[in-house]
Amino acid sequence: MGKIKFYWSIVSPPSRVVKLVLDILKIPADEVEIDVMNGGSRSPEYLKVNPEGKVPAIDDNGLILTESRAIIQYLVEKYGKDDSLYPRDLAARALVHSRLYFDNGSLWPLLHEVYGPLFYGEEVNPDSVKRVQENMQSVEGFLQKNKWIAGPNLTIADISFACIIAGLQPLFDFDISPYPKTVAWLKECSKSIPNYKLIEEGDRVLKIEMDKIPKKS
């Protein structure tokens, strides 16, 4: 059985999610870095891997998977030594799924919509930021009764959320201080997620790339 081939970019938060899970599970992988800031994900070679032209993707002995949340569920299910990150208990797993669906269906696409103009040198509409605030209020609500996003223990949902929320302040100057539960949770993530520094390094590199984008007048 060969190594997993892992297509990713450090500037991509979903890529970092998969990278962190690979590291936590100590899964050896051949990493292929895709230069997404310069069109690498739209190259003919990569489009054969993922016709959507997005990272991350994995090739596990011929099984090609895209979408970070699907990938990490697969990795933990197949390679995890226990179910701590992805509980087998039906109710606990359903809660993890619920949070990941919120992440994939609301949190992540909304950030794309609101802050996407920055990647084209355009300004963000201040009114649209209110919708991000509403989403963050939902995240704050998830943490009212639990230490972690999907219950009493750290799961793959926390890793996925952390890779997005950690970048709000350094990348978009979004103030998360009005959400104290979220601030405390993110601090706990920084201590509990192995190699958390990858998230910070990815945001640092992405900010450098964003600063290179010419501003439209």
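The values are calculated or read from the model by the stated rules, or taken from the named source; none is laboratory data. As the structure is a prediction and not an experimental result, all values here were calculated from the model. Backbone-built Cβ (ideal geometry, glycine too); neighbour counts: all protein chains shown.
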Requested in this report: Evaluate the following for residue 107: is it touching a Lys or Arg at 6+ places or on another chain (Cβ under 6 Å), of a type in the set (A, V, I, L, M), in contact (Cβ under 8 Å) with a residue 12 or more places away in the chain and surrounded by 13 or more Cβ atoms within 10 Å (Cβ to Cβ)?
Outcome: no
Requested in this report: Would you please list the contacts, defined by Cβ atoms under 6 Å and residues six or more apart or on different chains, that run from a residue in the stretch 20-47 that is assigned by TED's automatic domain parsing to the domain that holds residue 71 and farther than 11 Å from residue 9 by Cβ to a residue that is in a strand (DSSP E or B) and modelled with pLDDT of 95 or more?
Outcome: 22/29; 29/4; 29/6; 30/5
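If a residue counts only when it is touching a helix residue (DSSP H, G or I) at 6+ places or on another chain (Cβ under 8 Å) and within 17 Å of residue 36 (Cβ to Cβ), which helices (runs of 4 or more DSSP H) contained entirely in the stretch 46-116 have at least 3 such residues? First the steps, then the outcome.
Numbers: elements: 68-79, 90-102, 108-115.
Output list reads 108-115.
Kindly check whether there is at least one residue in the stretch 138-145 that is loosely packed, with under 15 Cβ neighbours inside 10 Å, among the charged types (D, E, K, R) and not in a strand (DSSP E or B).
Start the filter on the stretch 138-145 by keeping residues that are loosely packed, with under 15 Cβ neighbours inside 10 Å, which leaves 138, 141, 144-145.
Those still in the list that are among the charged types (D, E, K, R) too: 145.
From the residues that got through so far, the ones that are not in a strand (DSSP E or B) too are 145.
There is at least one residue in the stretch 138-145 that is loosely packed, with under 15 Cβ neighbours inside 10 Å, among the charged types (D, E, K, R) and not in a strand (DSSP E or B).
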Report task. Of the numbered conditions (1) assigned to a loop (DSSP other than H, G, I, E, B); (2) of a type in the set (A, V, I, L, M); (3) closer than 30 Å to residue 213 by Cα, residue 20 fails exactly one; give the number of that condition. Result -> (1)
Query raised in the report: If you go through the stretch 137-158 one residue at a time, do you hit one that is over 22 Å from residue 21 (Cβ atoms) and within 17 Å of the chain's Cα centre (by Cα)?
Result: no
Report summary line: Exactly one of 115, 120, 86, 74 is loosely packed, with under 12 Cβ neighbours inside 10 Å, closer than 21 Å to residue 14 by Cα and either within 19 Å of the chain's Cα centre (by Cα) or at pLDDT below 95 (or both), and that residue is 120
